[in-house]
Structure formats: structure tokens, C-alpha cells
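The values are calculated or read from the model by the stated rules, or taken from the named source; none is laboratory data. Here the structure is a predicted model, which means the values were calculated and not measured. Note that each Cβ is placed from the backbone with ideal geometry, even for glycine, and that neighbours are counted across all protein chains shown. Note: accessible area is taken over every heavy atom of the protein model, side chains too, but ligands, DNA and RNA are not part of it. Shrake-Rupley method; radii C 1.70, N 1.55, O 1.52, S 1.80 Å.
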Amino acid sequence: MPPTDTVLAVRCHGPGDVRAERVPTRPAGPGEVAIAPLAVGVCGTDSHIVGGSFPAALPVVLGHEVCGRVIEVGPGVDRLAPGDLVTVEPHDYCTTCVYCRLGQEHLCDTKRGYGVRLDGGMTGRMVLPARIAYRLPPGTPPWIGALTEPLACCVHGMDQLDPRSGLPVLIYGAGPAGAMMVALARSRGLAPIVVLDPRADRRELALRMGADVALDPGDPESAAAARARTDGFGFPYVVDAVGSARILESAVELASRGGRVLVFGVARPEDEARIRPNEIFARELTIVGAVINPYTHHRAVGLLPTLGLDRLRPAFFGVDEVTRALRAQSGGEADKVFVAPYGEEAARSAEDSPRAER
């Protein structure tokens, strides 16, 4: 598939201004590959960029949850070949700041994300460093491969939570990330797994992914019902997979003595939580955060076939249907929404390859 001068892409120009338009492309350079993105997850970050509440280098091609097929390799690339199905670890680090030098690249002062500060994957052709393209297991459907990036973030979150098997966990939120947290908690042997989510469809998804019980936090008895699942002593592990000051306050209340609370969801920068320091001291609580996916992408690839992620119900939209895709994502029309630059069939089947760049 020869490179073309321009390809169709989803490009955000500013708040409320997102368009399907042709953008320039180029051949793969030294150490690079070009891929044809087959499935690109639509994330809350994408909606926040379009809404103007998440900083991005505009104009930018959206999409950081990317799975595609290699269509060209540049000089010096020997571990990937045309036809390989790959997932993308979508970050570029400076490599010279103190965090990078300490092996904490995810905390880099000047890191840039593809789809945020660098052009992302909602396009017919994406050129990227070969080192951030990870070959997927044979037979992986591209839409499952596109889940590698959010799964890698969840793996890092679980690393931060550091749970021991056989103990209860409470998870706030059963969106795509919360659902993957449920699957990881099940694979880690946590029990019972209790989920709180106000939407009935997401509570059903949580149960489908392995939760033992899913409760509506709007029910005034939900906190007591959740605590009852621990014989009243509270949860050793609590995950906020939503991002909310109110949820953090509730999480602290429902944590057991010695409990760990993971702040995983992205709250608004201006949100403030009221937490009594004496509670943290007297109950010896630990509150930890988790940002992106440091050195967990490789592990997430290995986990893909083991977690039953095909229990998620996907929806697919073309590059020229971005407005509908964003509306479907924010409105919860599917468990997970994808932009499929080469169509739904190519996004669903590992056997399909794009025939021409768009």
C-alpha cells in the first residue's frame, strides 16, 4: 500500500470544532512504521478535548486507543513487518528530565500524548516510532487490540492498589475502564467484587464482567448494602474509576482500617474533596493515584486473551461520523465506542486488511 499525500482524519480545531478532513501524511522514516488504524477507541479524553476542558495542542488528530496493521516499515526497523497487527503505546517522553531518568517516564514534565499533543489514530494512516508499536497475538480482533491502552492503564492502577487475593474490593463506576477493573479484580482473586454505578446498563455490564453485586448509589441504602458484603468492616481496597471529589469522600468512608483507596478516574482540576486527616491517621489509610500506563503496555498485550473483553458490546463509526461517535460515547449507547477508519468489518475481524488508504 503506497503512501498518499493526504488521508481522511478526525481533527479537532478548538472547543466544539471537530471535523473529518484530509490531512497530510508522509513515508515512514528511520526507526518508524506506518500503520493503517483499524479500530480506535473513543475515550472520555477525546470528548473533553472537543469540549475544551482538556488541554491539547490544537489542531490535532484525535485518538490514542489505537490498533492497526503495519503497512510500511522505515529503515532500521527489523522486528515488525507489513501485515503485523499492532497496538500503540501512545506517549512520547523527553528522556532527560529527572522523572525520566528515575524510570518514572509517565510523570515526565513534557510528555506528549498521541491524539492529544501529537496527531493520533483516527485517520487512514498513522506514522509512529516502531518502539511504541506492540505486535498483538494472532487472531486478535482489532477492536479488542484497541483496548490494550486503557487496559494498560488499569494494570498500572491495580499495581498501585497492590491487592491481596481473597479480600473485598469496591469499584465506583462501570464504564469501560471500570469494567476492565472488574475483570482484573476477578483475575486477581478479589472477592467479593462490589460495584456502584447509577446507570442500570453499566451495572449489568459490571455483572457481565464478573462483579458479585452491582448497586445503584442513588439508593440511600446502597452504602449499607455494600458494607454488609464485608461483614461490616469495610473494604480493604476501593477504586474510584469515575473521577469525583464526592466519590473520593465516600470511598474513604467505606474503606476498612488499613484500606487503600485508588484515585483512577480523571476528576475536574477544580474539584476539591473534604477529607479529615485524622481519619487517614487513625485508620491508617493509604490514598494513591494512577496516571497512564508506565511499562504496562507489554503486560496488557499478554492479558488481552485472558480477561473476556469480548463481553463488552462495541459500536463502530466511520471517520466521517465523528459527531455521532462522540454523542454515542457520552450518551452510553454502547459499552465501548470505536472509530473504524476502514469500516466495521475490518475493525471486528483479525483477518481483514485495508485495501487502500483513505
Next item on the list: Scan region 129-143 and report the pairs whose first residue is hydroxyl-bearing (Ser, Thr, Tyr) and whose second residue is open to solvent by 30 Å² or more (accessible area, probe 1.4 Å), with Cβ atoms within less than 8 Å and a gap of 6+ or a chain change.
Entry: Tyr134/His298; Thr140/Pro305
Next item on the list: Being touching a residue at least 60 places away in the same chain (Cβ under 8 Å), out of contact with any Leu (no Cβ under 8 Å at 6 or more places or on another chain) and open to solvent by less than 20 Å² (accessible area, probe 1.4 Å) is the filter here, so list the residues in region 244-271 that pass it.
Entry: Ile247, Gly265
Item checked: Scan of region 12-44 for residues that are crowded, with 19+ Cβ neighbours inside 10 Å and either out of contact with any strand residue (DSSP E or B) (no Cβ under 6 Å at 6 or more places or on another chain) or more than 21 Å from Pro129 (Cα to Cα) (or both), ordered by number -> Cys12, Val18, Val42, Cys43
Checklist line | Only listed residue being surrounded by fewer than 20 Cβ atoms within 10 Å (Cβ to Cβ), under 17 Å from the mean Cα position of the chain (by Cα) and in contact (Cβ under 8 Å) with a residue 60 or more places away in the chain, chosen from Arg348, Arg311 | finding: Arg311
Next item on the list: Would you check if there is a residue in region 195-214 being surrounded by fewer than 18 Cβ atoms within 10 Å (Cβ to Cβ) and β-branched (Val, Ile, Thr)?
Entry: yes
Checklist line | strands (runs of 3 or more DSSP E) fully within region 1-111 counting 2 or more residues that are farther than 28 Å from Gly139 by Cβ | finding: 6-14, 17-24
Notebook entry, point to check: Restricting attention to region 280-300, which residues are open to solvent by less than 20 Å² (accessible area, probe 1.4 Å) and under 11 Å from Gly259 (Cα atoms)?
Noted result: Leu285
Check: Mind checking which residues of region 215-228 are in contact with a helix residue (DSSP H, G or I) (Cβ under 9 Å, 6 or more places away or on another chain) and either under 18 Å from Ala255 (Cβ atoms) or surrounded by 14 or more Cβ atoms within 10 Å (Cβ to Cβ) (or both)?
Finding: Leu215, Asp216, Pro217, Ala223, Ala226, Arg227
Next item on the list: Give the residue that is nearest to Ala290 (Cα to Cα), with candidates limited to residues of region 159-176 that are aliphatic (A, V, I, L, M) and open to solvent by less than 30 Å² (accessible area, probe 1.4 Å).
Entry: Leu161
Checklist line | Index of the failed condition, Val88 passing every other in (1) touching a residue at least 60 places away in the same chain (Cβ under 8 Å); (2) touching a strand residue (DSSP E or B) at 6+ places or on another chain (Cβ under 9 Å); (3) open to solvent by 10 Å² or more (accessible area, probe 1.4 Å) | finding: (3)
Item checked: Residues (charged (D, E, K, R) and out of contact with any His (no Cβ under 8 Å at 6 or more places or on another chain)) located in region 75-124 -> Asp78, Arg79, Asp84, Asp92, Arg101, Asp109, Arg117, Asp119
Note to self: Tell me yes or no: at least one residue of region 162-175 is small (Gly, Ala, Ser) and not in a loop (DSSP other than H, G, I, E, B).
What the structure shows: no
Note to self: Condition first: at pLDDT below 95 and acidic (Asp, Glu). Can you find one or more residues in region 189-197 that meet it?
What the structure shows: no
Check: Within region 139-157, can one find any residue that is surrounded by fewer than 17 Cβ atoms within 10 Å (Cβ to Cβ) and within 19 Å of the chain's Cα centre (by Cα)?
Finding: no
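Output the residues belonging to region 45-65 that are among the hydrophobic types (A, V, I, L, M, F, W, C), over 14 Å from Ala146 (Cβ atoms) and in contact with a strand residue (DSSP E or B) (Cβ under 8 Å, 6 or more places away or on another chain).
Result: Ile49, Val50, Ala56, Ala57, Leu58, Val60, Val61.
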